[in-house]
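Only one structure is covered here, and it is reproduced in the block below.
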Amino acid sequence: MDVRALAMGLVFALIWSSAFTSARIIVEAAPPLAALSIRFFLSGLIGIGIAWALGQSMRLSRGQWRSVIIFGLCQNALYLGLNFVAMQTVEASLAAIIASTMPLLVAAANWGIFRERLPVSGIVGLLAGFAGVALIMAQRLGGGADLFGVILCLIGAVALTVATLAVRSASSGGGNLMMVVGLQMIVGSVILLPLAVLLESWTVAWSPAFVAAFAYTTLFPGLLATFIWFLLVGRIGATRAATYHFLNPFFGVAIAAVILGEALTWVDVAGVTIVAIGILMVQRARVETA
């Protein structure tokens, strides 16, 4: 067993899942696109500074520059931008569950579009995972969840899937991982800033909770989780690394319930369990055929 990879995967899943709760706190007090653009800018500057201190440079490989552009656009500007806007009306737990479908969407695209072989157990896992999400969404929408916000979260999950399919590993081509992380944050900031200026009123309801959530999101999900993810992919490969996403529904719902007091029903618990099992089945099947 690769204990180091296991620890990295667990830490990544925990930090990634917590980002939805901290984002919910941020968007309740500040304009979402402006807050996200500033967060990306600060995370990017810190990441580039750390990279320079480690002796890294901006002389990246062609594959790494592609990673910078695609992740900056699809993951940061589209996926996170849409999620931040959506979480003005959508609970953090629901946003986390929708985002957790990314491994299922990747597997479905590889199987249906790129003709990647997927065993029967993987197909069953796909159906189970999507059924679990449908169960949760039906219950939440019936309870008054904002449909427009849910649609934004779904589009964001598709954008993250595109980024994952387009860039299998940002670690190829000579290191400089922290520089890659920092630069893709700057790309996201530059894309979102004009939209924030045109569409939003820059007023902030300052509070200790907002400052803590903003600082946490800037440093941990913004920099540390992304860096850990790239290291994990470089260590065990994208397919095996994605297995840890099966923990995200559990962590996302649990953290939102504890910190934000979001209500949980037996349908949520059953749906999250089904989604997690589906993700695990799909990823195990893909590992076996990799």
Open item on the list: Connecting C-alpha atoms closer than 10 Å in a GNM of the chain, tell me which of Leu219, Leu94, Leu82 has the biggest fluctuation.
Closed with: Leu219
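Count neighbours as other Cβ atoms within 10 Å of each site's Cβ, and list the trypsin sites (Lys or Arg not before Pro) in region 159-267 that are DSSP loop with at most 16 such neighbours.
Working: sites: Arg168, Arg235, Arg240; in loops: Arg168.
Qualifying residues, ordered by number: Arg168.
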TODO: Find the Rg to Rh ratio for region 1-100, where Rh is the Kirkwood radius over alpha-carbon pairs and Rg uses the same atoms.
DONE: 1.02
Task: Table column - 3J(HN,Hα) (Hz), region 74-88, Karplus curve with 6.51, -1.76, 1.60, x for Gly and Pro - done: 6, 7, 7, 5, 7, 4, 6, x, 5, 5, 5, 5, 5, 6, 5
Task: Centroid-to-centroid separation of region 14-65 and region 115-136 [C-alpha atoms, Å] - done: 32
TODO: Starting at the first residue of region 203-211, write each ³J(HN,Hα) from the Karplus equation 6.51 cos²θ - 1.76 cosθ + 1.60 with θ = phi - 60°, in whole Hz, x for Gly and Pro.
DONE: 10, 10, 8, 5, 7, x, 5, 5, 4
TODO: Over all alpha-carbon pairs of region 171-264, lay out the pair-distance distribution in 5 Å bins, whole %, shortest bin first.
DONE: 2, 10, 12, 17, 19, 17, 13, 7, 2, 0
Open item on the list: Which residue fluctuates most in the GNM of the chain (Cα springs below 10 Å): Trp229, Trp52, Trp206?
Closed with: Trp206
TODO: Could I have the simple spin-label model distance between Arg117 and Ile50, label points 7 Å from Cα toward Cβ, reported in nm to one decimal?
DONE: 4.0
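How fast does region 70-207 diffuse by Stokes-Einstein, in µm²/s, taking the Kirkwood radius from C-alpha pairs at 4 °C and 1.567 mPa s? Walk me through the intermediate numbers first.
Values: Rh = 16.8 Å.
For the chosen part, D equals 77 µm²/s.
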Open item on the list: What are the ³J(HN,Hα) couplings of region 22-28, residue after residue, when phi is run through the Karplus curve with 6.51, -1.76, 1.60 and θ = phi - 60°? Round to Hz, x for glycine and proline.
Closed with: 5, 5, 4, 5, 5, 6, 6
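Using a 10 Å cut-off around each Cβ, can you sort Ile25, Ile151 from fewest to most neighbouring Cβ atoms? Walk me through the numbers on the way to the answer.
On the way: Ile25 21, Ile151 14.
Listed from fewest to most nearby Cβ atoms, that is Ile151, Ile25.
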Open item on the list: Return the Rg/Rh ratio of region 32-75 with Cα-based radii and a Kirkwood Rh.
Closed with: 1.03
TODO: Work out, step by step, the length gained on full extension between Ser201 and Arg4: first 0.36 nm times the residue separation, then minus their alpha carbon distance; give nm to one decimal.
DONE: 66.4 nm
Task: Amide hydrogen neighbours beyond the local backbone of Val90, cut-off 5 Å, H modeled - done: none
TODO: Kindly provide the Kirkwood hydrodynamic radius of the chain in Å, to one decimal, from all pairs of distinct alpha carbon atoms.
DONE: 19.0
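Determine, for Val90, Val158, the number of other Cβ atoms within 10 Å of each Cβ, and report the residues in order from fewest to most.
Details: Val90 25, Val158 17.
Lowest count first: Val158, Val90.
Rule-based calculations on the coordinates, nothing more; no lab input. Treat the numbers as computed from the prediction; the structure is a model and nothing was measured. FYI the Cβ positions are ideal-geometry reconstructions off the backbone, even for glycines, and counts take in every protein chain you see.
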